[in-house]
Each structure stands twice: as structure tokens, then as C-alpha cells.
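Here is the structure we will look at, set down as C-alpha cells.
The values are calculated or read from the model by the stated rules, or taken from the named source; none is laboratory data. Quantities reported herein were computed from a predicted structural model and do not represent experimental measurements. Neighbour counts are summed over all protein chains in view; Cβ atoms, including those assigned to glycine, are modelled from backbone coordinates with ideal geometry.
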Amino acid sequence: MNVAIVLAGGIGARLGADVPKAFVPVKQKPLIIYCLEALNSNSQIDKIQIVAAEDWMAQVEEWTKEYGVAKKVIGYSVPGANRQLSIVSALNDLREVASPGDYILIHDAARPLLTDQIINDCFAGMDGYDGVLPVLPMKDTVYLSKDGKQVDELLNREEIFAGQAPEAFVYGKYLAANNSLVESGKIGSINGSTESAVLAGMKIHLIPGDENNFKITTQGDLDRFAEIVK
């Protein structure tokens, strides 16, 4: 079974909207609905778990029915103090639904241009691996600066990649990896979904990402997306 976790618990402070970023309307449709449409129509996704603030859950559920994407949604999870703890919340809520060998696909509602291609590529890339991470190559020269003021080292851009969502993992192994970090108190320092998997020694497969699968963080990003869907 393949279960998608959709993260929609962030407030989107840098966007400066009146509502959480995932719920900002674009062309009269809440942002979260765009990725839910892609997940709902993909034949490899069996179930969907949504992470959203408690006072927004009822509204999101209403939207899923209104826009016809409620079929695969099985439940809602309360966000944690940061992105990774929100993932942990959903992982633990799935204990009664998912088996250790099932696959989970983690995606941000703030990446609305999710495609069948990238979803399918994630699952295809799982063969022989514990997880899959879509990445983009670095196009510019990359430098290391320890204080942000002077260059300390020139890095090899051929060895550096920018990670994207969605990311796929073997459920049981990923659950154990994250709960171990929670127990050790190190979960708060995790920034990307794959980071906890790497720290646990999970074997992660890099696959080509999608330039159009950008994350909406600023008003400029939102304007860009609105222009695309127009």
C-alpha cells in the first residue's frame, strides 16, 4: 500500500497572507487542493493523510468534498512544532493503517504543481532502496562560508543537489528513524524529510526532480503559480 502524507500545517509567515499558506485561494481554489487533485487521481496512491491545524480540519474536509478529492483521504493529523514533528505526528497516526513494508510519500501542500510523473518516478525508484529523494542539480558555482561574510571553500557543484518533495520511504524504517530522533531529543534540528532517514543509515535513491515543482514561499512564488494556472 502507498500512503501520501500532505503537510499543510505551516503558517507561511514569509508569504504574509491572512490565512495559512496551504489555504490561500488561487483561481478560486485553495492551494492544498491542487496537490490533492494530483494525489487523488494517481493510480499508485491508495490513501492520503493530511496534516493541518485543528481549527482548519473541518474546513479542509469540506473542501475535499467540494472539489471531489475526498475519496482517498483517511484522516487528519495535528501539526508538530516544526515540519519534521508534523511528519512524525502523521507517521504515528498511521500505525493502525500502514504495515512496516508499505511506502509513504511525503509532500508539501505548498508545492501545488505535483505531477503523475514525479509521483510514479518516486515509487519506481524505491526498488532496492529505503527511500527516494527527487533532486535538482546546482547550476551556479557553490561556495562554503562559515560566517556568511567570507568564502572559506569552493564546493564541487557536481556533488551538490537541491532536494524536493515528494519524498518516498519504507514506512516501518522511516517511522523508527524518526521516533529514535524524538527519543534522543535531536528531532528539532532536522530540516528536510530525508535527513532523518540518512542519519538512521537508510539507503536513499536520488532521482531527477522537476523544475516546475517549486515551493511557494514568497508572494513572488504565489504570483508565478497564479500566472501558470491562469
For LEU114, state whether it is under 13 Å from the mean Cα position of the chain (by Cα) and in contact (Cβ under 8 Å) with a residue 12 or more places away in the chain. yes
Does ILE50 satisfy the criteria of being over 27 Å from GLY101 (Cβ atoms), modelled with pLDDT of 95 or more and touching a helix residue (DSSP H, G or I) at 6+ places or on another chain (Cβ under 8 Å)? no
The residue from ILE228, ILE190, ILE118 that alone is under 22 Å from ALA22 (Cα atoms), hydrophobic (A, V, I, L, M, F, W, C) and out of contact with any Leu (no Cβ under 9 Å at 6 or more places or on another chain) is ILE118
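Condition test on VAL135, is it β-branched (Val, Ile, Thr), touching a residue at least 12 places away in the same chain (Cβ under 8 Å) and assigned to a loop (DSSP other than H, G, I, E, B)?
Working: β-branched (Val, Ile, Thr): yes; touching a residue at least 12 places away in the same chain (Cβ under 8 Å): yes; assigned to a loop (DSSP other than H, G, I, E, B): no.
Judged against the criteria, VAL135 is not a match.
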Residues that are free of Cβ contacts under 8 Å to residues at least 60 places away in the same chain and in contact with a Phe, Trp or Tyr (Cβ under 7 Å, 6 or more places away or on another chain), drawn from the range 154-198: LEU154, LEU155
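Would you check if VAL69 is assigned to a loop (DSSP other than H, G, I, E, B) and within 19 Å of the chain's Cα centre (by Cα)? Spell out the reasoning first.
Numbers: assigned to a loop (DSSP other than H, G, I, E, B): yes; within 19 Å of the chain's Cα centre (by Cα): yes.
Answer is yes for this residue.
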Under the condition of being of a type in the set (Asp, Glu) and over 20 Å from LEU7 (Cβ atoms), which residue from the range 170-226 is surrounded by the most Cβ atoms within 10 Å (Cβ to Cβ)? ASP223
Checking SER86 against (1) among the hydroxyl-bearing types (Ser, Thr, Tyr); (2) under 18 Å from the mean Cα position of the chain (by Cα); (3) within 14 Å of VAL3 (Cβ to Cβ), which single condition isn't satisfied? (3)
If you check THR194 against the conditions, is it of a type in the set (S, T, N, Q) and outside any helix (DSSP H, G or I)? no
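Yes or no: ALA4 over 24 Å from SER193 (Cα atoms) and not aromatic (Phe, Trp, Tyr)? Please lay out each step first, then the result.
Working: over 24 Å from SER193 (Cα atoms): no; not aromatic (Phe, Trp, Tyr): yes.
Against the criterion (over 24 Å from SER193 (Cα atoms) and not aromatic (Phe, Trp, Tyr)), ALA4 does not qualify.
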What tally of residues in the range 104-149 results from selecting those that are buried (at least 17 other Cβ atoms within 10 Å of the Cβ), acidic (Asp, Glu), closer than 25 Å to TYR34 by Cα and in contact with a helix residue (DSSP H, G or I) (Cβ under 9 Å, 6 or more places away or on another chain)? 1
Qualifying residues in the range 197-220 (those that are assigned to a helix (DSSP H, G or I) and at pLDDT below 95) - the one nearest to GLY125 (Cα to Cα): LEU199
